[in-house]
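Worksheet: one structure, shown below.
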């Protein structure tokens with residue numbers, strides 16, 4: 001098996017180089033620690049939100065008093081009149097206010113009984129503060145969904161509602177940070193092949209009957225091992241920093257792993273297009289930086305103009321963030337993620353095929 | 001199909017404005033050691049790269065072991081061994097791991113690979129350091145390893161691109177002796193810009209300059225047939241004006257410096273020259289025919305020095 005022989009060689013060349021190994025494993029560690037230092041402080045972000053309860057049922061009250069109040073970064077203020085809340089929002093005393101419309105309690109209890117019913121919350125917020133509103137919408141969405149899906153007896157009065165999910169800043173940012181780490185696999189992957197090109201070792205291997213696919217997969221197999229190690233470090237790091245893992249760890253890992261394959265594939269494409277590190281480096285940044293912006297790992301892609309959102313959705317990373325948040329925060333299962341997983345896997349297959357075609361072209365100039 | 005191991009027809013490669021290889025024709029017999037001799041930039045490496053299917057020819061074609069370089073590159077890669085000009089090794093692998101990697105890529109049987117690796121490491125004097133990472137090797141050791149990597153799968157045709165470039169004379173001689181062992185057993189195409197190397201090793205030499213093969217033949221043929229003048233060098237006492245005049249009246253070129261006389265003409269008879277000197281009164285200490293070198297041939301053909 002030439003693929004295996006090449007992978008073993010690449011792996012030896014990597015793990016015997018303390019500097020390279022230190023970078024590959026140390027980078028995710030440092031990255032997570034830095035991330036932890038930045039976001040772990042309690043007062044990193046807190047929002048004041050107003051609540052106008054027009055439903056006024058035990059359920060809507062429980063939602064306000066238990067679910068919303070349970071989120072540590074939220075300060076919940078009750079209002080009777082939306083006009084006053086709006087004034088406070090304008091004055092900057094509130095970040096947002098939500099109106100719980102009549103029928104909310106009914107909708108929630110229907111959900112609890114297994115019937116699907118749309119739950120409507122009206123949220124008014126200050127558009128100018130993009131970061132805050134972005135997170136607020138996400139939080140509201142998450143907390144409402146978990147509230148509505150909790151299975152408890154309908155006799156609310158007897159049993160106080162217990163909200164398990166506690167949304168923190170780490171929960172929101174964690175998947176994004178991991179995806180950014182996976183994006184850095186692009187330059188890492190490209191470098192491993194380009195270094196062989198630059199030193200002429202690849203040219204020497206090219207005088208053997210090794211096929212293009214064997215080269216690409218030989219390099220990738222070594223990188224897959226690196227990617228697995230990095231993802232594990234990222235996930236443990238994020239978990240240690242307080243990121244909740246509500247859903248299946250394995251499913252979250254699968255999502256990140258497929259994304260890692262896409263990064264490795266892009267790295268192979270870049271490496272096939274360049275002859276030296278000097279060429280590969282800028283090409284890598286050209287790929288990974290815009291992709292980071294479009295992925296939603298720094299800010300959600302919902303705020304992008306629609307044409308950029310289309311571009312963003314054409315690449316794996318936005319899907320990864322959506323899917324991994326769904327698993328980690330909301331505990332969504334495999335059946336709900338099928339589309340995203342298929343997209344990621346398909347993307348990986350296509351990008352590897354492109355890599356192999358480009359490599360074949362570069363074999364003989 | 002011919003018995004030629006390598007057959008090159010009108011092979012051309014153009015890089016932009018530069019004609020690196022300019023329509024060369026060449027046949028190399030099975031088991032022949034052929035040296036392409038020329039200065040840097042003559043097109044030697046480009047030729048080898050085309051034969052190894054690393055570069056596409058702009059025009060013309062060639063076959064290696066009967067396979068066409070344009071259409072049957074993988075067949076060719078199965079039967080060739082290549083030691084590239086730059087010592088290209090994988091820094092953090094040791095010598096044996098290199099041999100294992102290339103042997104396994106070529107699908108060599110494991111037992112055979114082990115035996116052959118042992119033999120190759122032993123003959124190249126690398127057995128003791130076989131477990132050291134190659135980044136700790138000297139230049140000579142890297143070269144030797146580079147050559148045996150090309151041999152580990154027992155190829156039919158061996159390409160050695162400047163196998164001794166940058167080595168000291170002693171290390172170079174070790175490699176020459178090693179390459180010489182394969183003479184007659186494998187077809188070897190070697191490039192060099194060292195005259196002694198081509199002279200010492202090759203069955204035939206092709207002199208390459210500016211993309212063309214400008215002279216072709218055995219080293220002896222080139223030296224004798226290409227040169228139309230001969231020189232005798234005489235060390236003698238008593239090289240008086242009378243002696244010089246006597247010689248000048250008989251030979252086309254006579255040059256005297258510090259008791260040394262150089263006599264040059266199209267035809268020179270050693271005994272006749274010595275007799276003439278004697279009778280003119282010179283006392284000869286020693287006299288010899290100056291051996292023509294490939295350098296002379298090269299200068300004569302191209303008008304340039306071979307060495308940079």
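The values are calculated or read from the model by the stated rules, or taken from the named source; none is laboratory data. What you see is a predicted model; the values in this text were computed from it and never measured. All Cβ positions, even for glycine, are placed from backbone atoms using ideal geometry, and neighbour counts span all protein chains on display.
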Inset, instruction - Among the candidates B:103, B:81, single out the residue that is touching a strand residue (DSSP E or B) at 6+ places or on another chain (Cβ under 8 Å), at pLDDT 90 or above and crowded, with 20+ Cβ neighbours inside 10 Å. - result: B:81
Legend entry - Given (1) assigned to a helix (DSSP H, G or I); (2) more than 11 Å from chain A (Cβ to nearest Cβ); (3) more than 18 Å from residue B:161 (Cβ to Cβ), number of the condition residue B:78 does not satisfy: (2)
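What about residue B:69, is it within 26 Å of residue A:218 (Cβ to Cβ), touching a strand residue (DSSP E or B) at 6+ places or on another chain (Cβ under 8 Å), within 13 Å of chain A (Cβ to nearest Cβ) and buried (at least 20 other Cβ atoms within 10 Å of the Cβ)?
Here the answer is yes, as residue B:69 does meet what is asked.
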Inset, instruction - Among the residues of region A:228-274, write down those that are in a helix (DSSP H, G or I), surrounded by 17 or more Cβ atoms within 10 Å (Cβ to Cβ) and more than 16 Å from the chain's Cα centre (by Cα). - result: A:264, A:265, A:266, A:267, A:268, A:269, A:270, A:271, A:272, A:273
Legend entry - Residue check, residue B:133 within 11 Å of chain A (Cβ to nearest Cβ), under 23 Å from residue A:365 (Cα atoms) and touching a strand residue (DSSP E or B) at 6+ places or on another chain (Cβ under 8 Å): no
Inset, instruction - Scan region A:68-119 for residues that are within 30 Å of the chain's Cα centre (by Cα), closer than 12 Å to residue A:51 by Cα and part of a loop (DSSP other than H, G, I, E, B) and jot them down. - result: A:69, A:94, A:95
Legend entry - Hits in region A:192-226 (condition: within 7 Å of chain B (Cβ to nearest Cβ) and assigned to a helix (DSSP H, G or I)): A:199, A:201, A:203, A:204
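Within region A:130-138, is there a residue that is in contact with a strand residue (DSSP E or B) (Cβ under 6 Å, 6 or more places away or on another chain), at pLDDT below 70 and part of a helix (DSSP H, G or I)? Even if it seems obvious, please write down each step before you answer.
Just the residues of region A:130-138 that are in contact with a strand residue (DSSP E or B) (Cβ under 6 Å, 6 or more places away or on another chain), to begin with: A:133, A:136.
With at pLDDT below 70 added as a condition, the list becomes A:133.
Checking which are part of a helix (DSSP H, G or I) leaves us with A:133.
Yes, the conditions are met somewhere in region A:130-138.
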Legend entry - Residue in region B:246-272 that is surrounded by the fewest Cβ atoms within 10 Å (Cβ to Cβ), counting only those that are out of contact with any helix residue (DSSP H, G or I) (no Cβ under 8 Å at 6 or more places or on another chain) and part of a helix (DSSP H, G or I): B:271
Legend entry - Flag if residue A:333 is more than 30 Å from residue B:52 (Cβ to Cβ), surrounded by fewer than 21 Cβ atoms within 10 Å (Cβ to Cβ) and at pLDDT 90 or above: no
Inset, instruction - Quickly run through region B:81-105 and pick out the residues that are under 26 Å from the mean Cα position of the chain (by Cα), more than 8 Å from chain A (Cβ to nearest Cβ), farther than 17 Å from residue B:186 by Cα and outside any helix (DSSP H, G or I). - result: B:85, B:87
Inset, instruction - Just give me the residues in region B:227-236 being surrounded by fewer than 17 Cβ atoms within 10 Å (Cβ to Cβ) and at pLDDT below 85, in sequence order. - result: B:227, B:228, B:229
Legend entry - Candidates B:90, B:146, B:117 - the one that is touching a strand residue (DSSP E or B) at 6+ places or on another chain (Cβ under 7 Å) and modelled with pLDDT of 90 or more: B:146
Inset, instruction - Taking the residues in region A:7-29 that are in contact with a helix residue (DSSP H, G or I) (Cβ under 6 Å, 6 or more places away or on another chain) and facing chain B (nearest Cβ under 10 Å) as candidates, determine which candidate is surrounded by the fewest Cβ atoms within 10 Å (Cβ to Cβ). - result: A:15
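Which one of these is at positive phi and touching a helix residue (DSSP H, G or I) at 6+ places or on another chain (Cβ under 7 Å): A:296, A:355, A:331? If you could, list the steps in order and put the result at the bottom.
On the way: A:355 fails: at positive phi; A:331 fails: touching a helix residue (DSSP H, G or I) at 6+ places or on another chain (Cβ under 7 Å).
After applying the criteria, what remains is A:296.
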